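Every number in this text was worked out from the coordinates using simple rules, so none of it is lab data. None of these values were measured; they are calculated from a predicted model. Every residue, glycine as well, gets a Cβ built from its backbone with ideal geometry; the counts of neighbours run over all protein chains shown.
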Amino acid sequence: MTARAIVSPGRIEPSAVAAVWVRSWTVFKHFWHTRTFGAIVEPVVMLLAFGFGFGKLVSHIDGIPYLQFVGTGVVATSVLFGAVFSGMFDALYKRRYQRVYDAMLATPVDVEEIVTGEVLWLGVRSGLYGIVPLLVACAFGLPPTPAMLLVPAIAVLTAIGFAALGMLFASFVSTFDNLSYVIGGVITPLYLVAGTFFPLTRLPLWLRAAAQFNPLYHCVELVRHCAFGLHPAADIVHVGALALFALLAWRLAIWRTRARLID
Amino acid sequence: MHASATPLPRAATSGVPAIRISGAVKRFGSLVAVDGLELEVPSGVCFGLLGPNGAGKSTTMRMLTGQAIADAGSISVLGHVLPRQSKLARARMGVCPQEGNLDIDLTVRQVLDVFARLYRVTGERRRAAVETALALSGLGDRAGDLAMTLSGGMQRRLLIARALIGDPELVLLDEPTVGLDPQVRQQIWSLILALRERGKTVLMSTHYIEEAERLADHVAIMSAGRVVAEGTPAELIREHAGREVLDVEGSPGELARMRELALAAGHATRASGPALTYLHADRADGALPAGRRRSATLEDVFVALTGEYVE
């Protein structure tokens, strides 16, 4: 007799999720230098370009030096891009070209566990990379605060939601080309209407109202509050919004990915 | 609980069959891939699912892992009712798919380690399972190389070793040697024979007659989504082609005419390229044209039943 692992149908098992997570981590160990280079250089360049370029025109926003205003905002955009692009491209590649998910589904692992493992992996990876701009902003004079220690948690929560959204988008398409619609039609607007580069107070009222439904906006607000002073009541709402978004995107990604993988 | 690696007598078929499929139907739009399939695989046998491309073999394999859900009928694997208990069944089976889905970004050892985790093999047992699989596949000296650098035959051996990492009772092999060189095919065959020796139940789909003849204790011939004949290779040959067959060569026009005559006279024939083969030639009473007599083979059965040529 061999001791056989007990599996429970119909439940998301941590052991299965961990196996999916470890697979991504193992691949990452081969590619970490290129991924890390991109994840650090891109936000730094963006920050310097906006901070020093734009900063010449705008010195302060709401009493905050522009470089520091943008530095905190870029945490959110780098989380968005890291998570949503990996969610889309990795998921499509693994599903359609490499057929990793097909191979996994022949083992005692279900679609729920694959999506959960992938989303948690990308959440942690993209969330942690998202802190880089904050460190850069600190190097350029943003005073560190104890509340900044909360930023990794906020970034990971946001990244989990956007990774799941990326997987959801990937489930609707069959080619990389088709993802252009998503990038132009969904991601760019999300990224611009979030208060990253300019405060929402400068926007028309209807856009400001719409921004409340943009998860990225809630992330931007939370990161700024960590740097410049928390607003407990509002911040609980922001965290709640991010958690709700992550939950919704995760369930939808599971539902749609199952339809794609199981005939 | 399950049988351990001790060899079982071949076809020790007491208790639950390893696979039971009854009235299974699977449609993809207007295409009916599996059309009322009946199949029972006793435990401990090497079962060959033989059929031309498009007969529904791969869809059947995918239904057994819950990756395709039947539109009608019932399926149970190792006593677990699908699709509800599919995960329990998958924990006790290993699958070598037809389409290469090897994780080519990982090294050989990492592929095996990740699969051991997917099968929930933990700690020291996982390390031992990876070493066993490396030895089995003969890839020990390539353990640190990326899977993408392996030759096609090595990749297939790795896929089989990967399927065995959870010590399965039931192994599904979907076209295990398709696209491989003859020498490599021999290597894969010895791996499959070793599984049979260890008492594993093997369900192998193939469209290579020789593969089914050499490896399978029991063969089911599939055509258009259902089983059209089933038995040991010897039984199938005896029943559908007789002891001897007769090959008659001729021009396409002559062959067509002979075929009509044979049909009218009640002789079963099958086309074989530039010749017409009369089945059951040993039972025919002198009325056959001149030709070359030979022993009937599984190929005669296959072509007669599926209407397909073989490679």
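Quick notes on this one:
- Dipole moment magnitude, nearest 20 debye, chain B about Cα centre, only Lys, Arg, Asp, Glu C-beta charged: 1040
- Net charge dipole, the protein assembly as shown: roughly 1320 debye, given to the nearest 20, about the Cα centre with Cβ charges of +1 for Lys and Arg and -1 for Asp and Glu.
- Dimensionless Rg over Rh [region B:168-240; C-alpha; Kirkwood]: 0.97
- Residue-by-residue Karplus 3J(HN,Hα) for region B:89-100, coefficients 6.51, -1.76, 1.60, Hz, glycine and proline x: 5, 5, 5, 10, 10, x, 10, 10, x, 6, 7, x
- Cα long-axis angle, helix A:151-172 against chain A (0 to 90 degrees, to the nearest 10): 50
- When the alpha carbon gyration tensor of chain A is reduced to an equivalent ellipsoid, the three semi-axes, largest first, read 35, 19, 18 Å.
- Calculated mean residue ellipticity, 222 nm, chain A: -22500 deg cm²/dmol, from DSSP H runs (n ≥ 4) at -39500 (n - 2.57) each, averaged per residue and rounded to 500.
- B:Glu99-A:Leu149 pseudo-label distance in nm [points 7 Å out on the Cα-to-Cβ vector]: 4.9
- Between region A:1-80 and region A:211-263, the alpha-carbon center distance in angstrom: 15
- One way to sum up the overall shape of region A:114-220 is the equivalent ellipsoid from its Cα gyration tensor, whose semi-axes run 25, 21, 12 Å, largest first.
- Theoretical FRET efficiency, 1/(1+(r/R0)^6), r = Cβ-Cβ of A:Leu128 and B:Ser30, R0 35 Å, to 0.05: 0.10
- For B:Val219, the residues whose modelled amide H falls within less than 5 Å of its own, excluding neighbours fewer than 5 places apart on the same chain, are B:Gly48, B:Gly231, B:Thr232.
- Applying the Kirkwood pairwise sum to the alpha-carbon positions of region A:110-157 produces a hydrodynamic radius of 12.0 angstrom.
- Cβ-based net charge around A:Leu165, under 12 Å, with every Lys or Arg adding one and every Asp or Glu removing one: +2
- Subtracting the Cα-Cα distance of A:Thr188 and A:His60 from 0.36 nm times their residue separation leaves 43.6 nm of extension gain.
- Region B:163-311 - Rg over Rh from alpha carbon coordinates, Kirkwood radius: 1.05
- Simple spin-label estimate for B:Arg84 and B:Arg214 in nanometres, 7 Å along Cα-Cβ: 4.3
- Stretched out straight at 0.36 nm per residue, the stretch from B:Ala194 to B:Arg257 would grow longer than its current Cα-Cα span by 17.9 nm.
- Mean Kyte hydropathy of -0.5 or more with a Cα span along the axis of at least 15 Å, helices from DSSP in chain B: B:108-118, B:123-137, B:152-163, B:182-197, B:252-265
- Translational diffusion coefficient (Stokes-Einstein; Kirkwood radius from C-alpha pairs) of chain B at 25 °C, 0.890 mPa s, in µm²/s: 117
- Ignoring lysines fewer than eight residues from B:Lys26 along the same chain, the ones with Cα atoms less than 23 angstrom from its Cα are B:Lys57, B:Lys87.
- Here is the P(r) of region A:69-170: all C-alpha pair distances, binned every 10 Å from 0, give 17, 41, 24, 13, 5, 0 in whole percents.
- Selected from A:Phe172, A:Gly127, B:His267, residue furthest toward positive end of dipole (the protein assembly as shown; charges at beta carbon): A:Gly127
- Label point of A:Arg202 set 7 angstrom out along Cα-Cβ; within region A:61-93, amide nitrogens under 16 Å from it belong to A:61-74.
- The angle separating the long axis of helix A:215-228 from the principal Cα axis of greatest extent in chain A is about 50 degrees.
- Summing +1 for each Lys or Arg and -1 for each Asp or Glu among the other residues whose beta-carbon sits under 9 angstrom from that of B:Gly56 gives +2.
- Under 15 Å from the Cα of A:Lys29 - aspartates and glutamates, other chains or at least 8 residues apart: B:Asp103, B:Asp105, B:Asp113, B:Asp145
- Of A:Leu230, B:Trp189, A:Ala49, farthest towards positive along the dipole that unit charges on Lys, Arg, Asp, Glu beta carbons give the protein assembly as shown: A:Leu230
- Calculated from the alpha-carbon coordinates, region A:34-89 shows an Rg and a Dmax of 12.9, 40 Å respectively.
- Shape class for region B:80-228, computed from the alpha carbon gyration tensor (a ≥ b ≥ c): oblate, with a/c not under 1.5 and a/b at or below b/c.
- Taking amide H positions as modeled 1.01 Å from N, with prolines and chain starts lacking one, the residues under 5 Å from B:Lys26 and 5 or more places away or on another chain are B:Ala33, B:Val34, B:Asp35, B:Gly36, B:Asp71.
- Take the Cα of A:Tyr93, step 7 Å toward its Cβ, do the same at B:Val228, and the gap between the two points is 4.4 nm.
- Taking only the C-alpha atoms of region A:165-263, Rg followed by Dmax gives 16.0, 52 Å.
- More than 31 angstrom apart: percent of Cα pairs within the protein assembly as shown: 58
- Antiparallel DSSP beta bridges within region B:132-234, percent to nearest 5: 50
- The chymotrypsin sites (Phe, Trp or Tyr not before Pro) of region B:216-311 that DSSP puts in a loop, and whose beta carbon has at most 13 other beta carbons within 10 Å, are B:Tyr309.
- Shielding by partners - mean other protein chain Cβ count within 10 Å, residues of B:86-97: 5
- Gaussian network model of chain A, springs between alpha carbon atoms under 10 Å - residue of A:Leu150, A:Leu57, A:Leu200 with greatest fluctuation: A:Leu57
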